[in-house]
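Written out below as structure tokens is the structure these notes cover.
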Amino acid sequence: MGNGTLTSVQLVTCYMMRTYQTQDYANTLLQPNPDALAIAAARDAERQAGRVRGPLHGVPFTVKDNIGTRDRLETTAGSWALLGSRVPRDAHAVGRLRDAGAVLLGKATLSEWADMRSANYSEGYSARGGQARSAYNLTLNPGGSSSGSAVGVAINAVAFSVGTETDGSVINPAERNAIVGFKPTVGLTSRAGVIPESEHQDSVGTFGRTVRDAVYALDAIYGEDTRDNYTLAQRGKTPQGGYAQFLATKDCLKDATFGLPWKSFWVHADEEQLNVLKSILSLIESAGATIINGTEIADYERLVSPDGWDWDYGGTRGYPNESEYTVVKVDFYNNIRAYLAELDNTAIKSLEDIVQYNYDNDGSEGGHPWPLGHPAFYSGQDGLLGSLATRGARDATYEQALRFTQSTLSGLLVPPDVGQTYQVAAQAGYPVLTIPAGVHASTGMPFGLALMQTAWAEAELVRWASAIEDLQLTSSSENNDITTSSYKRTLPRWHGYLRRNIPVLNL
């Protein structure tokens, strides 16, 4: 676009065509923006007049359907309950992206209510949007809850996307679709205008096929916002000029030191992942980095479930005052009421209204467990009911659980396919960035390598992730145990493309 050989209108048209080619298979776009071409034409006119707003000028993007847009698009979190409702304004992140010159292509599919509604459900499914599917294996869990955002980027149906995470909802779909996912510190990106889950853990993050793309998007959306008091904590802790200035090459790895929390996380990775990830670790060491094995999460036995991701790990051990879920259930009850109070043109004003709507529309919304309700929501709406039972009471158990979960960690290399990794970071409100690492031979599903850091340390994540990415893309396989193709992002193989698009296995 800079040299005039491509226009934003042509680029948007290209992505529309790609969406048309892939939508029946991957189902990434819940609702296209009818104004996308008009916006692109306006950005082209600005460029011709000599005004270029930045690296995202004229570049198409999507947002998860729980991120508000004050336009002709709906904002429903995938639920029919909010169809027709009107948000008072663009979400802060959307407004910042419009200011940066990016073109909103539409709303991406997601797990309904961002995974809050059910304990046993089909990841990536919503009543309004249907089932999003990973093009690496269309029969398996695509990762969630920002499913359509991640898959859309992976299949080149959009340049970049914006999602949200409470616990793994950016990192999980990113690593399961071989792209870069960046979940920033809670409070770096405003949640104003986003359908909430937990004020203590919600974060707006970005997806790209490269670290650079994800960072360009982050640079556009981060910053203080008076409508989200949590963002005021970043004052004096963020760099002048954004995070793209910290993008690096493999040469800087000679000064790097990474911790490897083996007992906390790595021990839970399967053998196939370990073989690939160990080879990547050796590659990183060959570039001059130091990796210290045994840098464990403090008190990890109480924080990290030995049986996979479990956001009620404290509760299952008989200690609800050590459970992340205790916090999330209470926060959701209160935060969703505050969000709904600002909506026009809807009778849905509380969690009680949502629960009743689902009961009244069992066939589509699965208020009751299967077989009375919908098979995609096998356990019904038990997540919503659990939140409802708290009535939003911030009692002593809640306060104790909040203090317990907001623990500390430092710069670590972790296997994000082990869900406990992003869970611990989510509880603490700390940033995580995942990059592609390899693909399971048996299923075709990708997995990643992630970096975790303390609050407000996004610059470190950008530096080291981009350096490792550069190392992956430029290194020879001659002296390594695995081939170069295992280090690089591999393209989707569309396994199971003739299978009907029905709720997928949660594997």
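Ranking of His92, His368 by solvent-accessible surface, largest first: His368, His92 (1.4 Å probe, protein heavy atoms only, all chains present).
Judged by the ratio a/c of the largest to the smallest principal axis of the C-alpha gyration tensor, segment 1-47 counts as oblate, that ratio being 1.5 or greater while a/b is no larger than b/c. Every pair of different Cα atoms in segment 345-430 enters the Kirkwood calculation, which places the hydrodynamic radius at 15.8 Å. The count of lysine pairs in the chain that are at least 8 places apart or cross chains, and whose C-alpha atoms lie under 25 Å apart, stands at 19. The residues of the chain present an accessible area of 37 Å² per residue when probed at 1.4 Å with all protein chains retained. Would you kindly calculate the mean projected area, averaged across all directions, of the convex hull enclosing the Cα atoms of segment 242-379, in square nanometres? For segment 242-379, the mean projected area of the Cα convex hull comes to 14.4 nm². Shape index of segment 204-251: Rg/Rh, with Rg the Cα radius of gyration and Rh the Kirkwood radius from the inverse mean 1/r over Cα pairs, equals 1.03. By the equivalent-ellipsoid construction on the alpha carbon gyration tensor, the chain comes out with semi-axes of 31, 29, 23 Å, ordered largest to smallest.
For segment 320-371, what mean projected area does the convex hull of the alpha carbons give, in nm²? Seen from a random direction, the Cα hull of segment 320-371 projects 4.8 nm² on average. The eigenvalues of the Cα gyration tensor, multiplied by 5 and square-rooted, give segment 266-347 an equivalent ellipsoid with semi-axes of 39, 20, 12 Å from largest to smallest. Here is the tail figure for segment 140-195: Cα pairs spaced more than 15 Å apart come to 43 percent of all pairs.
Distant-in-sequence amide contacts of Ala256, defined by a placed amide H-H separation under 5 Å and a gap of 5 or more residues or a different chain, comprise Thr290.
Among beta bridges identified by DSSP and lying wholly in segment 154-303, the antiparallel ones come to about 65 percent. Pairwise alpha-carbon distances in segment 146-301 exceed 27 Å for 34% of all pairs. Phi angles across segment 67-72 convert, under the Karplus curve 6.51 cos²θ - 1.76 cosθ + 1.60 with θ = phi - 60°, into 3J(HN,Hα) values of 10, x, 10, 8, 7, 8 Hz, Gly and Pro given as x. Answer rounded, prolate or oblate for segment 75-163, using the Cα gyration tensor with square roots of eigenvalues a ≥ b ≥ c: rounded when a/c is under 1.5, else prolate when a/b is larger than b/c, else oblate. The shape class here is oblate. Counting only DSSP H runs of at least 4 residues, each contributing -39500 (n - 2.57), and dividing by the residue count of the chain, the helix-based mean residue ellipticity at 222 nm comes to -9500 deg cm²/dmol. By the Kirkwood approach, averaging reciprocal distances over each pair of separate Cα atoms, segment 7-125 gets a hydrodynamic radius of 15.2 Å.
Take the convex hull of the alpha carbons in segment 106-212; its mean projected area over all directions comes to 6.5 nm². Ligands, DNA and RNA left out, the 1.4 Å accessible surface of the chain is 51% carbon and sulfur atoms. Just need log10 I(q)/I(0) for segment 168-259 at q = 0.13 Å⁻¹, Debye formula, equal scatterers on the alpha-carbon atoms, no solvent, rounded to two decimals. Debye intensities relative to I(0), on a log10 scale: -0.51.
The values are calculated or read from the model by the stated rules, or taken from the named source; none is laboratory data. For clarity, every value in this text was computed on a predicted model and none was experimentally measured. Each accessible area value is taken on the protein alone, full model and side chains, heavy atoms only, with ligands, DNA and RNA left out. Shrake-Rupley method; radii C 1.70, N 1.55, O 1.52, S 1.80 Å.
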